[in-house]
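Derivation of every value follows stated rules applied to the coordinates shown; laboratory data play no part. Just so you know, these numbers come straight off a predicted model, no measurement behind them. Positions of Cβ are generated from backbone atoms using ideal geometry, with glycine treated the same way; all protein chains shown enter the neighbour counts.
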Amino acid sequence: MVAKENEQDVGIDKQFLAAPVKSAVDKFQLLPEFLKVRGLVKQHLDSFNYFVRTGMKNIVRANKEIRSTVDKNVYLRYKSVRIGEPSVVVNSVMDQLSPHRCRLSDITYAAPIYVDIEYVTESNGKKSTATKSDVIIGKMPIMLRSCCCLLYGKDEEELARLGECPLDPGGYFIVKGTEKVILIQEQLSKNRIIIDTDKKGCVQASVMSSTEARKSKTVIVMEKEKIYLSLNQFEKKVPIMAVMKAMGMESDQEVVQMLGRDPRYGALLLPSIEECASHHVYTQQEALEFLEGKVAKSRFYSASVEKEGRAMVILRDVFVANIPVRENNFRLKCMYVAVMLRRMMEAIINKDAMDDKDYVGNKRLELSGQLLSLLFEDLFKTLNEEAVKEVDAFLNKPSRSRFDFSTYITRGRITVGLERALSTGNWDVKRFRMNRKGMTQVVARLSFIGTLGMMTRIQPQFEKSRKVSGPRALQPSQWGMLCPCDTPEGEACGLVKNLALMTHVTTDQEEGPIISLCYCLGVEDLELLSGEELHAPNSYLIILNGLILGKHRRPKQFAQAMRKLRRAGKIGEFISIFVNEKQHCLYIASDGGRVCRPLVIADRGVSRIKEHHMKELKDGMRNFDSFLREGLIEYLDVNEENNALIALYEGEATIDTTHIEIEPFTILGVCAGLIPFPHHNQSPRNTYQCAMGKQAMGNIAYNQLCRMDTLIYLLVYPQRPLLTTRTIELVGYDKLGAGQNATVAVMSYSGYDIEDAIVMNKSSLDRGFGRCIVMKKLAAVHQKYANNTSDRIIRPQRDGRNAEKMQILDEDGLAAPGEIIRPQDVYIYKQSPIDTKNTISGTVPESFYKDSWQTYKGPEGETAVVDRVALSTDRNDNMSITFMIRHTRRPEVGDKFSSRHGQKGVCGTIVQQEDFPFSERGICPDLIMNPHGFPSRMTVGKMIELLGGKAGVSCGRFHYGSAFGEPSGHADKVEVISETLVKHGFSYTGKDFIYSGITGMPLQAYIFMGPIYYQKLKHMVLDKMHARGSGPKVMMTRQPTEGRSRNGGLRVGEMERDCLIAYGASMLIYERLMISSDPFEVQVCRKCGLLGYYNSKLKAAICSTCKDGEKISTLKLPYACKLLFQELQSMNIVPRLQLTEA
Amino acid sequence: MEKVSVWDLPDVPEGQLPSHIQLQRTRVHCNPDAPTHTENVQYSGAYSSVGVDNSLQLEQFRKNFRVEVIRLGKEDMEFDMIGVDPSLANAFRRILIAELPTMAIEKVLIANNTSVVQDEVLSHRLGLIPINADPRLFDYKSENDDPKENNTIVFKLHVRCERGGPRLTVKSDQLKWLPNGSEFSLETSAAKSTAKPKTYTTFHTSQETLHDFSKKPIAPCHPDIILSKLGPGQEIELEAHAVKGMGKTHAKWSPVATAWYRMLPEVVLLQQVEDERAEKLVKTCPVNVFDIEDVGKGKKRAIVARPRGCTLCRECIREDEFKQDVALRRVKDHFIFTIESTGALPPEVLFTEAVKILEDKCERVITELS
Ligand code: SF4
């Protein structure tokens, strides 16, 4: 027997060996190819494209006919819908729009929505149908780089001509000149049964149903052994058995049969059956009557509902709404409920069967397309409803002349609605009971990486304040889909996530063909099954998108067949087929919002991608799609990954391996991909860097100098990191870097480097290290008024009182580019009319205008320069003038710097070069970092970066440090780096023999020195430093103002006050809280204890209550205290002061 | 080991340091973990107990001090400075970097700049251009001084990229020296129509007539430093005023790219390294410090052939194998000095200038003291 088995084994091995030799094929090349076809924000673009191409058409088709309720013959029918080119109407001429123009002149990048219609017109009482094509019903904001965008399919040169940066990913909208991105929204998946426990620990099965018609949430919960249904439409929980009976399952036995033969399930259901009986509910009629009594009142129901009975309607339309009920046949729904109950009971019997809400497979990502589609549907329906209403009103008018239905659908409703939602971020769709805030955000243009990071960000479903750890924890199912590093610190930690490099988010796919395919492949229709068979042990339920199709006896073969069809391209590549052996179910998913990623298919552990495939790819004979089409690569979603055995590398594949990863570093996202050797760092450091990379200054985009953002930070001499990663090259960080390669010596120096401070070399700063440009936008509008008057911009005064202020103005009254602008300088000499209401006739006199110039209010001592002046027309056809003010800064003490390893520090001091240590080769570091930064942070990656950078500069080759890249050659090994160092005469440790620049003698230690990529962060002292002696006060309390922008004071707060009290420094408290703040002298009447006043005419103090000046004392108290008294008095509370000595 | 009382040890010979102390005094020991004995013993009486005078004697210094030029190029030189204290060598280095004056562009008057490079950045770039002018022929210009021929050099840069033409790279050779001073007239003086309109400088004579400037016109040292790039229709017109300054104030006035020294390496074989081990030792050193010598009878032995080339990579003492055989040391009073000039002055002149400055400083100290 044993021998036989061995033989078999050998036999298998032979086959195995006959396969082509397993050699590691470098599959990295696939990645750039993948990103080429996909781009970095494909998920957004795909979603939007789907909406534009399919979603919108479906919506219009579903509501294609509108009819007047007054005259049924009056109708309008939409025949087709499409989106034109982005354009704007200027002086009734259609003008093509380019995105950059929209940014500069504050307009929305939108394209008209054209419809072809057939409708009824009436003139002179005669009705006739007419057709019209290209009727514009509104304007759709267009996502940049989507299929409707002007930039679609353009190459680099054409993009440059349009003023666009070729590296810009697109995926956002331009609304009124601001770039807005609809963040990816994370949600629990719809139409799926989720088993979990509620707050009380009761097991519950919930389904969030969502169909085109309805959205509802059904919860079946087990409470005190009994099972109830909880639905919003019922006032309280109703027994599930009553519901079953109401749906026609009158026989208890059948219900028990549906749960399966196992007596345990029957036993669990027994209490519920008993309860139902205790209510004397036995028949469907009784059940319906029973439920009728539970229906929540005060809801509006139409007449048809009243006829049928509300309970019936609720059960049909609301209760698990995703299961269709055809001709009041509730059988499918009963089956579905039975499956829910069964899964619940399984979970009760075996706790492992509980679903994990945080499991990524149970999540759906909602993208811009879906969100816009909701909005569009609502607006489109509203438009139609309103059109009908107006038409009705018109038709009801007795005397009507001409009538044209088509004029009622060209209102601006859709345009305004879409624009408002995008610019405010409030999705307020009453129709779908949706009220969500903060869906859109302004694209952060602080750094290129920040922009990219924003496109991959996923907004959580929960509010951030919840103190839960579950959703925040790193989920193992996140692997490869969501970046494990990139999450913010603080309250949103773990909730806000980011997509990994290769993640794709699916869009909806049609179910119809899949359903028929399933039946063809031997799925037994559910309706033909008896209750008993539902859970027959030897067959699997086939569930498509939460809808039970039927059963299959050979699920494995079925899955195999489906997968084969998918790989052959016969069904969509994003359809997932997941066999759940525990639940005896086979899930097919084709819905949108699932995350998936490409993997190389392996047959019995042998990769399908061979050397020649990669060669063909290199020669340009293939692309990523051809790999996909030929079934070498496929997309797996999180659920299907559970059926796969994925090997990290080809060499590690065993005979059971079904897939092989393309590259391990793709588990990281864009932001984390910048870090060299992140797998050598302590993990929080990578997370810190992900947050900091977004604050680093550098190049924003190729068109950065043409952009007119409110605030731009640029580095003067940005560099490409010496130690790169593959991700850096893929996303283009090497072209738009945000940092400089600084030679760093890790040593202690001067004592100004404690607490992560760094010591900088003055000569390096002189030569341009860390120099940055800050640009701010100033704007002015040349306003036109209702009475046909307008502002005017006039010649500056060259002499006289204001001449000095107007020095920088050109003859046209605007500041000239290149002029140095100082605080109080006028940058636009504008005058406004005094009267903007009444119409003016004749010529207007000079006195009609008053000065309304605008002055620059920058900080003193900063020499800012006018960089650019741009004139454009804004939405209201006023001329708007924008000025960019530029300020070049060199680093100073207190500016914040950081390496790429979450090691931030401020500049502690700046030291002359001659005082800096120097090496044997005369190399003087640019900055000195304290070695204490290493032990607790454990950023070994930074040390390797230093070594790699040093080897890089000495041998002239960029070194790589991709995550987990050592085995596949995408990261250099330390040994190899060390060898390079030794070859060029350095120590293998990277430590050099250093001479002190002060004494001239060698240091008593070898110093770890080499280049590290340093980022300058946007936090600069110049923007933050603040002090004041005396200054402005708040009017009401007479206390100093708050905040730097108002030149406010520094507050001695509660805790500081506590310290002073504890210390007994009473006079100091007195001085701080009163004398330096709001001292005030009051007159207090000793008789009544109220405040009096000093009458300066009579030169006497008088109490206004007692009308008496006799017993008045003067005392000092804080003005805020006096204010309090008066405020109390105003609310009928009398504060009386009793003076012990006066 | 037999115990020996300290008192029984032989006396340390008077007037002469024990060898290991002597070694510590004159050599830095570059051990695998860290260098030791890097400090110089300054105190004159440090060794008085053994009768050794550690004070600095001028006679001695004169006798021992030597300078040997190893390499002298147009822009860089290497020389050995033997017999000085590190503090002295360091003083020269520091003076070279920070205290030797040169001429550098300090003020830029921009008439027009439509290039992509911002005014400040362009000015900064201009400032860093080394200028081929002997700073000794100019005076320092203080705040209230008028820019005159003896303290200011004026350059003009006027480039325009014609529309329709190809893009243009502006290089430092486009900077034209204006020996007669600024050509931009002051706005305020425009009203007075005197013969010569007032400009931003008040030159009395042309700089060309002064010194040897006619023979050797003033220009940037390197003609190919990229200043900016111009697209069609863009233009730069500016005047740059160079003044005398010191590296202390700004690195642009530093006459050296860098100047540094290193102590003479001394590699010592403490024990004989023979045959295979010798070959191995030779191979470990990436800069071929060691060589092989035939001692006859087919025997080979490692010798230290080129100690000067040692970069102190510590490869030879990295593994335990040769740790006992090789000692890496640095001679404390022998400095291999390298000067890389930016081009304004030849390196040898820079050094003599540095010496002069140090002399001045000493003189100042002496006068202060007396
Ligand atoms: S330290 Fe390095 S360079 Fe010097 S002798 Fe040893 S191996 Fe050669």
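Points worth noting:
- Relative compactness, the protein assembly as shown, computed as alpha-carbon Rg over 2.2 N^0.38 Å: 1.18
- The loop-placed trypsin sites (Lys or Arg not before Pro) in region A:405-442, going by DSSP, that have at most 11 neighbouring Cβ atoms within 10 Å of their Cβ come out as A:ARG433, A:LYS437.
- Secondary-structure-derived ellipticity at 222 nm for chain A, considering helices only, amounts to -7500 deg cm²/dmol, per-run term -39500 (n - 2.57) for DSSP H runs with n ≥ 4.
- Radius ratio Rg over Rh of region B:294-370, counting only Cα atoms, Kirkwood formula for Rh: 1.26
- Rounded, prolate or oblate (a/c below 1.5 giving rounded, otherwise prolate when a/b exceeds b/c) for region A:1042-1093 by Cα gyration tensor: oblate
- Over region B:90-185, volume per residue of the alpha carbon convex hull, in Å³: 143
- GNM result for chain B, Cα springs below 10 Å: residue of B:GLY298, B:GLY165, B:GLY247 fluctuating most strongly: B:GLY298
- Long-range HN-HN contacts of A:TRP853 with modeled amide H, under 5 Å: A:LYS830
- Computed across region A:996-1089, the Kirkwood hydrodynamic radius from all distinct Cα-Cα pairs reaches 18.8 Å.
- For the residue pairs A:LYS57/A:LYS551; B:LYS176/B:LYS198; B:LYS156/B:LYS356; A:LYS942/B:LYS252; A:LYS950/A:LYS973; A:LYS42/A:LYS973, the C-alpha atoms sit more than 24 angstrom apart in A:LYS57/A:LYS551; B:LYS156/B:LYS356; A:LYS942/B:LYS252; A:LYS42/A:LYS973.
- Cα-based shape type of region A:934-985, given that a ≥ b ≥ c are square roots of the gyration tensor eigenvalues and the cut on a/c is 1.5: oblate
- Shielding by partners - mean other protein chain Cβ count within 10 Å, residues of B:307-320: 4
- Spread of Cα-to-Cα distances over 10 Å intervals beginning at zero, given as percent, for region A:683-770: 14, 37, 37, 12, 1
- Residue pairs, from the table A:LYS694/A:LYS735; A:LYS777/A:LYS850; B:LYS216/B:LYS361, whose Cα atoms sit over 23 Å apart: A:LYS777/A:LYS850; B:LYS216/B:LYS361
- Three principal axis extents of chain B based on alpha-carbon atoms, in descending order, are 103, 61, 34 Å.
- Förster-model FRET efficiency, 51 Å R0, B:GLU162 and A:ARG38, C-beta, rounded to 0.05: 0.75
- Measuring between their Cα centroids, region A:395-436 and region A:1126-1142 lie 58 Å from each other.
- Note on A:ASP619 and A:GLU386: their simple-model spin labels are 6.2 nm apart, each label 7 Å out from Cα toward Cβ.
- Ellipsoid equivalent to region A:777-831 - semi-axes via the Cα gyration tensor, in Å: 22, 13, 9
- In this structure the amide hydrogen of A:ASP1078, modeled in the peptide plane, comes within under 5 Å of the amide hydrogens of A:TYR1119, none closer than 5 places in sequence on its chain.
- Within region A:530-604, trypsin sites (Lys or Arg not before Pro) in DSSP loop having at most 13 other beta-carbon neighbours inside 10 Å: A:ARG553, A:LYS570, A:LYS582
- With neighbours defined as other Cβ atoms within 10 Å of a residue's Cβ, the residues B:GLU276, A:GLU235, A:GLU634 order from fewest to most as B:GLU276, A:GLU235, A:GLU634.
- Taking one quarter of the surface of the convex hull spanned by the alpha-carbon atoms of region A:877-952 gives a direction-averaged projected area of 9.7 nm².
- Going from the fewest other Cβ atoms within 10 Å to the most, the residues B:ASP76, A:ASP168, A:ASP877, A:ASP106 appear in the order A:ASP877, B:ASP76, A:ASP106, A:ASP168.
- Per residue Cα convex hull volume in Å³ - calculated over region B:7-48: 105
- Taking every C-alpha pair closer than 8 Å and separated by at least 6 residues, the mean separation divided by the residue count of region B:70-208 gives a relative contact order of 17 percent.
- Potential extension, A:LYS224-A:ASN538 segment - 0.36 nm per residue separation minus Cα distance: 109.8 nm
- At 1.306 mPa s and 10 °C, Stokes D of region A:803-912 from Kirkwood alpha-carbon radius, µm² per second: 90
- Adding -39500 (n - 2.57) for every DSSP H run of four residues or longer, then dividing by how many residues chain B holds, sets the calculated 222 nm ellipticity at -5500 deg cm²/dmol.
- When each of A:LYS857/B:LYS107; A:LYS363/A:LYS1016; A:LYS64/A:LYS154; A:LYS190/A:LYS497; A:LYS190/A:LYS236 is checked by Cα-Cα distance, pairs over 29 Å: A:LYS363/A:LYS1016; A:LYS64/A:LYS154
- Contact order normalised by residue count of region A:138-210, Cα under 8 Å, 6+ apart, percent: 21
- Whole-number percent relative contact order across region B:235-370, with pairs defined as alpha carbons under 8 Å at least 6 apart: 30
- Residues A:GLU157, A:GLU945, A:GLU286, A:GLU1056, sorted so that the one with the fewest Cβ neighbours within 10 Å comes first: A:GLU157, A:GLU1056, A:GLU286, A:GLU945
- Normalised convex hull volume, region A:172-313, alpha-carbon set, Å³ per residue: 177
- Cβ-Cβ distance of A:ARG792 and A:VAL93, R₀ of 35 Å, FRET efficiency by 1/(1 + (r/R0)^6): the value works out to about 0.80.
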